[in-house]
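The structure appears right after this line, and notes come after that.
The values are calculated or read from the model by the stated rules, or taken from the named source; none is laboratory data. The shown structure was predicted, so the numbers you read here are calculated from the model rather than taken from an experiment. Backbone-built Cβ (ideal geometry, glycine too); neighbour counts: all protein chains shown. Each accessible area value is taken on the protein alone, full model and side chains, heavy atoms only, with ligands, DNA and RNA left out. Shrake-Rupley method; radii C 1.70, N 1.55, O 1.52, S 1.80 Å.
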Amino acid sequence: EAISVSNLAKLIGERLAPFEQKLRVLGIEYTTHDHLLNAEEASLIAMEYDLSPVVNSEAAIDLYSKPIPNDMSKYPLRPPIVTIMGHVDHGKTTLLDSLRKSTVAAGEAGGITQHIGAFSVTLPSKKTITFLDTPGHAAFSAMRARGAHVTDIVVLVVAADDGIMPQTIEAIKHAKDAGVPMVVAINKIDRHDANASKVRESLLAHGVELEEYNGDTQSVEISALKSQGLDVLEESIITLAELSEYRAEVDIEAEGNIIESQVERGKGNVATILVKRGTLKQGDNIVAGTSWCKVRLMTNDKGESLKEALPGTPVKVMGWKNLPKAGDEVLQAKDEELAKIVVNNRLLKEERERQIKDLEVINEKRRQRKKEIEEKHASARNFKKEVWMFHKGLLKEYPTMESPFENKEQESSEEEKIKQLSVIVKADVSGSVEAVVNSLDSMGNDEVCVNVIDFGVGDINESDVIKASASKSLIYGFNVKANSKVMGIAQSEHVDIITHNIIYKLLDDVKLRLSQMLPPII
Ligand code: GDP
């Protein structure tokens, strides 16, 4: 667990300059604001300020979704959120366009609908449906893969002239896997070759139990192109939604998901949030993934600016520090400070996970290469042995011959042991770890070589020294440091720590040590 100098200063409530001064007095060498202090150092500092430290505080700080109340019945209904799926060319885009237009035609407001990734349709009954604007299964799967359960209802579009196609079957599977109920829209009913009953029959064959066959899935005949049957489709969605009673608290901190995000000219990072619970208000601080934002301006799908957004409402929000990803969970932080800490912790966590992965990759590549190098060395040793055997044969025949291997019989005939320089490598980033380790692996010959017993990213720490001591290794640091405490331990453990900022100097040092290990040449 670690905390940055500046964050600890904030927690303690001290200004940075005197804080850094205090750190130096305590013997902490690195006091730049982003330097990470370990739990021990942080505790020491806290005690210096007469605070009793509870370790593992900040690094663990994150935001979490609130538990869902057991009894939802007292909370208001929210609009259902609908995704349109189906085979390519069956009319998904056309249907979305017609639905969107129907709201404009109904004279809702504004007139111009904006593509923000989702839009709401208000029916004459004043009930509202929110449609996700990106048709297709990729978006749905991507969201689900990121743990985002955004969709309540799937509208499965099947063209009446084409019937069930591979992506229709895929959509059925997606909806079933996600446990999301479906409404079937049999589209292109205006076409002369439309055959709705055939579609219904084959849906049954694919496990979709339609009402017509005593099942509970509704089907509606529509023409997306001619805007026919859309009202019936909308009513079917409402019927299904009312059955499921989608309710949400409105008086808690906002929670939702990112629907889409992009950089817009003159606006910077913008993202559409679909509010799922609570109310998102102007001025709120929200976090999504490793980005955060203070909500200054939010607009709806009609381009109108909103002061607050209730559950089921898609809103476009500007001012993100960086681009959040579609599917990211949006959670509210009580203030800017907390938002920043959470983002920082998540970035650190991501970085740690990335490092672990990088190091695994390096290890895998090494295993492969080490095998090759060992084979090379073994064959060099074999060759020497053969040469020796050949000479031995010659010596037997010509005992008077002068041998270049004189006095070396014992040595050469012995099973030769390769001498190894054991090292631990630490470097600033995984790329430099890889570069150093690769160079070290390929150094040496069949008599001496480098044995990298461990490597990692980051400053040299206590556990590196302990490992080095146990394995009689040197520690090489590239672009990293060892603080005075670590240096002290190294000294008492008789572990050499060699740090360089130039790679060839580091390698030269290794070469020198290797050459000193070679048997003297006579
Ligand atoms: P998507 O790939 O599922 O998004 O399908 P599109 O919405 O792009 O539609 C594919 C084609 O079918 C386009 O040429 C549409 O004009 C046409 N189309 C969509 N809906 C209807 C409909 O209800 N009737 C007819 N006749 N054509 C339609």
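Values for this structure:
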item: Lysines with Cα under 16 Å of Lys325, excluding same-chain neighbours fewer than 8 positions away; result: Lys316
item: Per-peptide average of other Cβ atoms within 10 Å, ordering 312-322, 81-91, 117-127 highest first; result: 81-91, 312-322, 117-127
item: Mean ellipticity per residue at 222 nm, deg cm²/dmol - from DSSP H runs of n ≥ 4 across the chain, formula -39500 (n - 2.57); result: -12500 deg cm²/dmol
item: Sequence-distant residues sharing a close amide H with Val448 (under 5 Å, placed H); result: Lys419
item: Unsatisfied cross-links (Cα-Cα over 23 Å) in the set Lys22/Lys481; Lys188/Lys302; Lys101/Lys127; Lys66/Lys276; Lys66/Lys176; Lys357/Lys426; result: Lys188/Lys302; Lys66/Lys176
item: Filtered trypsin sites (Lys or Arg not before Pro), the stretch 442-487: DSSP coil and at most 13 other beta carbons within 10 Å; result: Lys472
item: Inter-label distance for Ile61 and Leu348, nm, one decimal - labels placed 7 Å from Cα along Cα-to-Cβ; result: 1.1
item: Three-way shape call for the stretch 181-237 based on the alpha-carbon gyration tensor, with the a/c threshold at 1.5; result: oblate
item: Global form of the stretch 203-271, assessed from the alpha-carbon gyration tensor, a/c cut-off 1.5; result: prolate
item: Surface accessible to a 1.4 Å probe, Trp388 within the full protein complex, Å²; result: 10
item: Cα-based reach from Lys385 at 28 Å (exclusive), listing lysines while leaving out same-chain residues under 8 positions away; result: Lys370, Lys371, Lys376, Lys396, Lys408, Lys417, Lys419, Lys511
item: Using alpha-carbon coordinates, inclination of helix 196-205 to the longest axis of the chain, degrees; result: 40
item: Cα Rg over Rh - the stretch 165-292, Kirkwood; result: 1.09
item: For Asp216, solvent-accessible area (1.4 Å; no DNA, RNA or ligand), Å²; result: 130
item: Theoretical FRET efficiency, 1/(1+(r/R0)^6), r = Cβ-Cβ of Tyr398 and Ile503, R0 60 Å, to 0.05; result: 0.70
item: Positive-end residue, the stretch 365-404 charge dipole about Cα centroid, Cβ charges, pick of His377, His391, Met401; result: His377
item: Rounded, prolate or oblate (a/c below 1.5 giving rounded, otherwise prolate when a/b exceeds b/c) for the chain by Cα gyration tensor; result: oblate
item: Coil-residue trypsin sites (Lys or Arg not before Pro) of the stretch 187-244, DSSP, other Cβ within 10 Å capped at 13; result: Lys226
